[in-house]
Amino acid sequence: MHLLTNGSFESVDAQGQPINWKLPDPKAAQIVEENGNHFLRLTSNSFTAHPDAANRMRIDPQWKTISIRARIRTRDLHLRQNAQATDGARLEYAFENANGVGLAGAGTPVTMLRAVQSDQNWTFLKADVYNDNEKAEYLRVTPAIAGATGTADFDDIHVVPNPVLDLTPRLREGLPEGNFEKADAAGNPLGWKISNPTQIKIVEEEGNHFLRLLNKTKGFLSAYNDFTIDPTWRRIRVQGRLRVQGLKRGANEWETTRLQYWFTDGGSNMIGPWQRPMEIKHDTDDWVLMRSEAKVPLGATRLRISPEILNAAGQADYDDIKVMQEPAWLDLPIRDGFPEGTFENVDEEGNPAGWILDDKEHAQVAEEKGNHFLRLINDNIDDSVSASTEFKLNPTWKKIKIRLRMRGKNIKIGPSPNDESHPRLAYEFADDNGKVGPWVGNLPTLPQSSDWETKEIEATIPPDAKYIMLRPEMVYSSGIMDIDDIQFTVLQ
């Protein structure tokens with residue numbers, strides 16, 4: 001049963017307006033015909049404009065899940081400066097009561113399927129949305145352009161109640177299975193598969209339950225759980241609390257305790273690049289909050305999360321593992337002068353434009369004599385600190401020069417014999433699927449404490465690369481690293 005009438009835009013009235021649709025501005029919203037097919041075209045000539053069309057349909061308040069699907073095509077789309085993840089061409093939806101008042105049915109009164117932020121041919125947008133408000137009697141669907149100029153075409157919009165759902169636990173913010181408060185009949189953590197029930201158990205302290213992995217001798221222990229990814233999510237954050245005692249690491253740096261995750265196709269095949277694990281390499285006095293972010297690769301339908309002890313001995317406790325939607329990287333191009341590399345524009349949360357800093361105690365924007373720069377602080381050589389961002393490459397570029405200024409104080413280098421132990425600006429190339437190009441070995445590094453130094457490296461862009469990911473980081477090193485004035489020069 002399709003709820004939305006005339007989602008194909010084939011039915012028009014005597015004035016040429018689509019039946020059951022409201023077009024507030026006929027100049028910005030029109031029905032266009034192409035090879036006998038009709039569709040809605042929205043045109044925005046200003047970043048402050050919000051051209052849209054709306055269709056309001058009645059729903060049964062008992063319907064808890066509704067599937068929304070549409071085809072969209074964009075041309076000459078340009079985002080405003082300092083664009084948000086919600087800017088671009090998008091399909092909004094809102095649950096409403098009988099009086100047209102928006103309700104918090106799916107998290108917020110008005111939300112949307114992911115925004116399209118670059119030019120693309122016809123493609124599908126699809127999401128299953130959740131109605132948690134019994135007062136919802138109507139659903140309003142609104143194709144729109146926000147914070148951008150250009151053209152967006154919409155067609156074949158379908159709304160279906162209570163679609164058949166994947167029975168795998170759906171990924172929802174909070175991830176209740178990650179608090180380990182529930183166990184199955186055997187006493188194992190509900191929903192998790194464990195490698196050894198005698199060494200992996202739920203433990204209780206002062207009414208709180210958590211997962212404990214215990215290795216008396218060096219070996220591998222793990223638990224894992226698979227969760228269905230919300231198809232509207234483009235980027236996620238995984239976080240959890242870890243506590244480690246009596247750790248005896250293996251011979252390699254990566255043989256320790258960690259919280260690992262990766263994307264799959266719903267089977268056993270990993271999708272996208274290997275994700276950097278959240279590792280602890282020493283005993284902790286108390287619980288430590290660990291966080292990681294990742295782009296959801298195209299084709300990924302599930303996320304596997306795995307607490308692990310990897311070829312090490314000791315006790316590792318895990319609790320409050322959560323997965324949350326993060327603002328997507330904005331597909332921002334590298335602009336002349338690369339202003340995002342100067343760290344002069346900072347938002348209300350302390351994030352420099354184009355960057356997200358999760359751990360603001362150890363990654364922050366600092367200021368000296370009116371100049372702003374990125375500062376990383378690592379107190380423990382076994383820990384790691386980083387910041388990251390991603391920018392869209394100009395498709396004509398083949399080779400670039402990266403230039404920046406670096407400064408270090410109280411720098412101590414870890415045991416790794418190569419540049420991996422040096423504070424550095426790591427960078428990687430990726431395609432549309434998030435697949436990282438060949439590993440880059442030529443990185444700007446800071447091997448010792450110093451005043452401001454200018455570093456330059458040259459990089460050849462792989463043929464399929466669409467993005468460059470920048471990651472200032474301190475791994476196996478401690479002290480303070482400052483970075484400023486990151487610049488790009490096109491060589492070919």
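Quick notes
- The lysines whose alpha-carbon is closer than 21 Å to the alpha-carbon of residue 455, local same-chain residues fewer than 8 away aside, are 398, 399, 401, 409, 412.
- Protection proxy ranking for 476-485, 26-35, 376-385, using the average of other Cβ atoms within 10 Å per residue and placing the highest first: 476-485, 376-385, 26-35.
- Of all lysines in the structure, the ones whose alpha carbon falls short of 25 Å from that of residue 135, not counting any fewer than 8 places away in one chain, are 22, 64, 126.
- Förster radius 56 Å - calculated FRET efficiency between residue 19 and residue 335, Cβ distance, rounded to 0.05: 0.80
- Computed over the chain, the ratio Rg/Rh where both radii use C-alpha atoms and Rh is Kirkwood: 1.00
- Here the simple spin-label model places points 7 Å from the Cα toward Cβ, and for residue 490 and residue 208 these points are separated by 5.3 nm.
- In this simple spin-label model, placing a label point 7 Å from the Cα along the Cα-to-Cβ direction at both residue 464 and residue 185 gives a separation of 4.7 nm.
- Remark: relative contact order (the stretch 176-325) = 35 percent; criterion is Cα-Cα distance under 8 angstrom and separation of 6 or more residues.
- Förster radius 45 Å - calculated FRET efficiency between residue 368 and residue 442 (Cβ-Cβ, nearest 0.05): 0.95
- For the stretch 29-161, the extents of the C-alpha atoms along the principal axes are 41, 39, 23 Å, listed from largest to smallest.
- Packing-based order for 279-292, 249-262, using average beta carbon neighbours within 10 Å, highest first: 249-262, 279-292
- The stretch 176-325 - Rg and Dmax from Cα coordinates, angstrom: 15.0, 43
- For the chain, averaging the sequence separation of C-alpha pairs within contact (under 8 Å, six or more residues apart) and dividing by the residue count gives a relative contact order of 12 percent.
- Cross-link partners for residue 218 among the lysines, with Cα-Cα distance under 16 Å and sequence neighbours closer than 8 places in the same chain left out: 248, 281.
- Kirkwood analysis of the stretch 352-397, using all unique Cα-Cα pairs, places the hydrodynamic radius at 12.6 Å.
- Förster radius 35 Å - calculated FRET efficiency between residue 99 and residue 46, Cβ distance, rounded to 0.05: 0.65
- When only Cα pairs below 8 angstrom with a gap of at least 6 residues are kept, the stretch 339-490 shows a relative contact order of 35 percent.
Where a number appears in this text, it was derived from the coordinates with a stated rule and is not lab data. This one's a predicted model, so the numbers in the text were calculated from it and none came from an experiment. Note that we place each Cβ from the backbone using ideal geometry, even for glycine, and neighbour counts take in every protein chain shown.
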